[in-house]
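The values are calculated or read from the model by the stated rules, or taken from the named source; none is laboratory data. Values in this document were obtained by computation on a predicted structure and should not be read as measured data. Every residue, glycine as well, gets a Cβ built from its backbone with ideal geometry; the counts of neighbours run over all protein chains shown. Ligands, DNA and RNA are stripped out before the accessible areas are found, and what is left, the full protein with its side chains, is counted by its heavy atoms. Shrake-Rupley method; radii C 1.70, N 1.55, O 1.52, S 1.80 Å.
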Amino acid sequence: MSGKRKRDGVGGRDGVDMEAIVWQTPANPPEASDYIFRRGKRYVRPYYFEFISHVNKIDLLRTGGPARLLWISLRRSSKGALTTIIPISVVDEEAFVNAVKCGRIQVDDKMVNTLYIVQSSQKISHFLHRHEPPVLAEDVQILQNETDIVTICKPASIPVHPCGQYRKNTIVGILQAEHNLTPLYRILDSVHRLDRLVSGLLIFAKSADKADCLRQQIEAGLLRKEYIAKVIGVFPNEELPSLCSTRLMVCFLIVLFFFSFSFQVVVDANISYNAREGRSYVEIDDCHLDKALRGKTACTKFSRISTNGKYSLVLCQPVTGRTHQDGLREKEYPLVVSCGMIRVHLQHAGHPIANDGLYLSKDAPLRSAKGVGADRAAIETCELPISEPAKDDPYAEDASGEEFSIDPMCTNCPNLPPNGYDGNEVGMWLHCVRYSGPDWSYECPYPEWAHLS
């Protein structure tokens with residue numbers, strides 16, 4: 001298969017014949033046989049993979065002199081980035097030395113020793129047994145497959161494109177493996193952001209011309225986005241006292257929604273993102289302090305769809321572009337809208353998403369303290385409500401007879417998932433239901449959790 005290659009002239013160790021291993025690269029498309037389904041989760045059969053990186057001038061300048069392979073590799077591994085030289089699992093010197101001695105780490109396709117002096121632009125390859133984190137075992141449903149557009153319903157917990165430890169367990173990978181849909185142009189790459197835990201509508205273009213056409217509509221502010229969220233408590237559906245402050249502080253405005261008797265709650269508040277802690281905050285504008293707001297302008301309209309007294313289903317409409325409608329001050333809102341904006345605005349409105357561990361409490365675990373992503377840290381420590389699998393779920397039971405290769409040098413084997421990913425996978429109760437433009441509109445069905453009893 002194109003993109004796969006055998007390593008010649010590399011010695012084996014610990015019972016592993018390097019010459020017999022077929023190494024995959026990013027050029028290898030995922031296949032349907034790559035997936036294993038167990039107890040409601042989709043796993044990827046572990047595979048041998050070649051990570052490729054190149055030495056740059058910054059690496060050499062930071063050493064203050066000649067840069068040894070050992071120093072470069074260990075410095076990069078401490079960043080925990082799988083897209084560079086060393087994966088997260090290899091962070092100690094002993095493991096690195098063993099990998100170099102047995103040919104798992106090479107320079108320009110040649111074996112070297114640990115004291116080798118690297119030069120700028122040299123290629124460093126790391127060959128390893130790759131385990132990907134599991135995701136929920138839900139089908140990626142194709143909604144419309146037109147001449148120049150494909151729309152899908154993205155299940156929760158699956159990232160859209162390869163990132164971090166995810167490569168095959170992504171929407172793009174599953175579409176390639178199970179629907180033979182490639183190449184596709186993700187037209188909303190800079191605007192249509194669905195986090196890994198969020199589900200709903202995704203739009204892909206089949207041609208660059210169609211992608212450019214829709215991007216122009218996005219840049220002109222002609223795109224309308226709608227989400228639904230399942231939140232804690234009874235979301236207001238009647239007139240509330242106006243809570244306004246000066247300038248850009250949070251302001252609740254009640255306006256008629258499409259000339260109906262349903263009211264909206266409009267949260268107009270700047271948002272700051274703390275990259276170190278992995279979550280956003282609403283900036284409070286204190287009129288007594290002469291301090292400029294640094295966060296991005298952000299505005300979301302909310303209206304209640306239904307409630308059962310414990311939870312409420314809420315329609316969420318992010319505001320983008322320049323506007324002065326519906327009682328909002330005339331100002332420029334960003335075209336780029338993230339799901340995090342909706343999450344933090346709902347929290348500030350007093351009705352956070354019911355299973356959003358990161359924003360249910362102000363004391364949610366921080367990734368800087370636990371060494372993992374903020375959402376995963378919250379999931380691991382919070383008791384969150386979960387959706388029961390459907391009775392006809394074909395992936396609810398364990399799949400028998402599924403085998404995968406065991407690599408003696410792999411720190412994840414004999415487990416199927418990588419270390420630290422054996423807990424529960426959950427999907428957030430936030431779902432993209434509709435995107436519309438001047439002459440087009442695409443919708444996505446409601447998920448099971450949206451039907452309140």
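Just the number, please: carbon plus sulfur as a percent of the accessible area of the range 414-453, 1.4 Å probe, no ligands or DNA/RNA counted. Each step should come with its number before you reach the end.
Numbers: 890 of 2010 Å².
Solvent-exposed carbon and sulfur of the range 414-453 make up 44 percent of the total.
Can you compute log10 of I(q)/I(0) for the range 88-150 with the Debye formula, treating each Cα as one identical point scatterer, at q = 0.18, 0.23 Å⁻¹?
With one equal scatterer per Cα and no solvent, log10 I(q)/I(0) is -0.73, -1.04.
Given 0.36 nm per residue, what is the gain on full extension from Ile52 to Lys310 after removing their alpha carbon distance, in nm? Please list the in-between numbers first.
Working: separation 258, 0.36 × 258 = 92.88 nm, distance 5.08 nm.
Full extension from Ile52 to Lys310 adds 87.8 nm.
Given a Förster distance of 25 Å, report the FRET efficiency between Val22 and Glu178 from their Cβ-Cβ distance, rounded to the nearest 0.05. Provide the component values of the computation, followed by the final result.
Details: r = 22 Å, r/R0 = 0.89.
Here the calculated transfer efficiency is 0.65.
Express in nm, to one decimal, how much length is gained between Leu143 and Glu94 on full extension, taking 0.36 nm for each residue of separation and deducting their alpha carbon distance. Kindly include the intermediate steps, with their values, before the conclusion.
Working: separation 49, 0.36 × 49 = 17.64 nm, distance 5.02 nm.
Working it through step by step, the gained length comes to 12.6 nm.
When ranked by the protection proxy of mean other Cβ atoms within 10 Å per residue, highest first, what sequence do the peptides 210-219, 142-151 form? Walk me through the numbers on the way to the answer.
Numbers: 210-219: 16.3, 142-151: 14.0.
Per-residue Cβ counts within 10 Å, averaged per peptide and sorted highest first, yield 210-219, 142-151.
Taking the Cβ of Leu452 as the center, what net charge do the other residues with Cβ under 9 Å away carry, scoring Lys and Arg +1 and Asp and Glu -1? Mind showing how you got there, number by number?
Working: positive: Lys230, Lys310; negative: none.
Residues close to Leu452 contribute a combined charge of +2.
What whole number of Å gives the distance from the Cα centroid of the range 24-58 to the Cα centroid of the range 429-449?
Measuring centre to centre over Cα atoms gives 31 Å.
Stretched out fully, how many nm does the piece from Ile406 to His161 gain, at 0.36 nm a residue minus the Cα gap?
Details: separation 245, 0.36 × 245 = 88.20 nm, distance 2.69 nm.
Full-extension gain reported as 85.5 nm.
Given labels modelled 7 Å from the Cα in the Cβ direction, how far is it in nm from Asp439 to Asn274?
Each label point is offset 7 Å from its Cα along the Cβ direction, giving 4.8 nm.
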